[in-house]
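Let me begin by presenting the structure, written as structure tokens, before commenting on it.
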Amino acid sequence: MRNRGLRAALAADERIGAGNVLARVLAHGADPAGPGLTFDTAVDGHPAEHPLTLGRLDELVAARAAWLHARGITPRDPVAVWATAAADMVLSFLALTRIGAIPALMNGGLPPGIAAEYVRRLRGVGVLADDAHTALLAGHDLGVPVLGTPAEAGTGDPAAAPQHYRHDADDPVVITHTSGTTGVPKAVLHSHASLFAATRHLLAMPQAQGTHRILNALPAPHTATVLMVNQALGNAAGMLLLSDQGGDRVLEAIRRWRPDGVFGFSVTWAELARFDLAAYELDSVSLWFNTGDCSHEPHVRRLVAVGSREVVTREGVTRVPGSVFIDGLGSSEMGHSMFHITHRVDTDRYGRCVGRPYEFARVAVLDAGGDPVPAGQVGWLGVDSPTLFRGYWNDSVTTYRSRQRGWYLTGDLVHADADGRYHHLDRAVDAVDAGDGRWFYTALSEERVLTACPDVTDCTVVITSGAGGVVTDVLLELAAGADPAQDRTGVVRAALGPDVGATLRRVVPVGSADIPVTVTGKVRKVALRERYLTESPS
């Protein structure tokens, strides 16, 4: 079947959802010899970066489903998966959903104690863990057995795999988790229909440039990777999945894989900004796609200046220098980015503008009581979308606290402009009440500092409020060759503006290792705030 016809058939398929895309793609006549997935590590005798055909991918999944089924895994059984390799996470997800079980995908960087507590709270039936993570769990009370490793699961007999489970739209299909900025991460539940709603929308539209040969630089256990796997399968696209999203790994993978699209989080773009991108082979890339936190202007500008894209001219389709960056704002709970904005070399709408909502999303800016506020006024972001998570697994208290008058409250502070575009100011937990109706925003402050300081590749703004009032500390990660002894206080103070600038206490050059981050790369500003409340200026 031609790709366009396949995409249309999938978009109209009432049975398809996040739990059975591989099976439905084959059922609609996709070529088993066509592209499946490619992993950056060896798997079942296939060398690293050796593409799996669609048919071979199905065999690998069936083998794992048979192995799991033989060990008593049945529909609706929660099974935790803790591993490093993208292949282990993705193949386990596909195998467990084939059975109808509920994979709970865990970031490999979780501290062992937190990981064990997370598993206990799942109240599942078992854990799949690679050798390294099995060792980390030793001595911890999990409440369930370790079933084996994902590699062991690959030794199953594909012919013994059970029939594909017939999912209902509301069936739980995967549990992912939040970044865990303040302790044990929240377990985010998605359904068969909810996690496919955005993919169905995209399949019904013309296939975008930059989605034919993809480099997935998103964390493998994250909701976003599950989305990308299903989108790649639905598009019959080639996709290489990275287990490590460090900037040097991404650049080297682009050179080898030559993708037309690279998908990642803002932390990856910040890492790429540390390199001289003109020195790397990036001409194949026409699209950079960001989800999670929205990205900073200087990072985006560095990326759109490289790569190339196709444009339509009077002479026909031609390829021109410069790529496209699609920015948005999303989270595990949202099930997909809610907004999108396109940046090119010649565009200039930044200032943390995340653009307009996708057609499937309904959004509002709300006051503390849940009522909409006028354009230009800052408020809480409320979302209503078919992509939204179904709730926090085994935690109805937190689930209902996140809902107000039909809206899911994302925890973000935003405002809408007169043209219907939305601007992200900060996470609510990172914003500081400065009194007299004034609020200071750390993310917006970082945007301003980065824009004003070309020799700074990334920065973290920590605003604290204590007995002595509000103080602001700015931590700068400098570009290679930048002078760490240079006094940047004046430039930073001016960039922050008169209100926040008046509270500036110090500007400190730091290394990236000095910034505490979560397993998904989010800066732990709560931890930094606690540190700087007790420290005196150096």
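Annotations
- Of 458, 170, the residue with the largest accessible area leads and the full order is 170, 458 (1.4 Å probe).
- Scalar couplings 3J(HN,Hα) for the range 389-396, obtained by applying the Karplus form with A = 6.51, B = -1.76, C = 1.60 to θ = phi - 60°, are 4, 8, x, 8, 4, 6, 8, 5 Hz; x denotes Gly and Pro.
- Scattering profile of the range 220-368 at q = 0.10, 0.17, 0.19, 0.22 Å⁻¹ [log10 I(q)/I(0), Debye over alpha-carbon scatterers]: -0.36, -1.05, -1.29, -1.60
- For the range 392-516, the equivalent ellipsoid derived from the Cα gyration tensor has semi-axes of 31, 17, 16 Å, listed largest first.
- Cα radius of gyration and Dmax for the range 130-231 (Å): 17.4, 52
- By the helix-only formula, in which each DSSP H run with n ≥ 4 contributes -39500 (n - 2.57) and the sum is divided by residues, the chain has a 222 nm mean residue ellipticity of -8500 deg cm²/dmol.
- Here the Kirkwood formula, the inverse mean of 1/r across different C-alpha pairs, assigns the range 338-405 a hydrodynamic radius of 14.3 Å.
- Translational diffusion of the range 295-391, estimated by Stokes-Einstein from the Kirkwood radius over alpha carbon pairs at 10 °C in a medium of 1.306 mPa s, is 101 µm² per second.
- Compactness of the chain, expressed as Rg and Dmax over alpha-carbon positions, Å: 23.2, 70
- Size of electric dipole in the chain: Cβ of Lys, Arg +1 and of Asp, Glu -1, about Cα centre, debye, nearest 20: 860 debye
- Note that the range 120-136 has calculated 3J(HN,Hα) couplings of 4, 5, 5, 6, x, 10, x, 10, 9, 9, 5, 4, 5, 7, 4, 5, 5 Hz, one per residue in order, obtained from phi through the Karplus relation 6.51 cos²θ - 1.76 cosθ + 1.60 (θ = phi - 60°); glycine and proline are x.
- Helix 442-452 axis versus longest C-alpha principal axis of the chain: approximately 70°, rounded to the nearest ten.
- Over all pairs of different C-alpha atoms in the range 54-198, the reciprocal of the mean inverse distance, the Kirkwood hydrodynamic radius, equals 15.2 Å.
- Between the C-alpha center of the range 213-276 and that of the range 321-349 there is a gap of 15 Å.
- Across every pair of non-identical alpha carbons in the range 116-185, the mean reciprocal distance, once inverted, gives a Kirkwood radius of 14.7 Å.
- About its Cα centre, the range 265-314 has a charge dipole of approximately 180 debye under the convention of +1 per Lys or Arg Cβ and -1 per Asp or Glu Cβ, with nothing else charged.
The values are calculated or read from the model by the stated rules, or taken from the named source; none is laboratory data. The model shown is predicted, which means the values in this text are computed figures rather than measured ones. Every residue, glycine among them, receives a Cβ derived from its backbone with ideal geometry; neighbour counts consider all protein chains shown. Quick note on the areas: whole protein, heavy atoms, side chains included, nothing else; ligands and nucleic acids left out. Shrake-Rupley method; radii C 1.70, N 1.55, O 1.52, S 1.80 Å.
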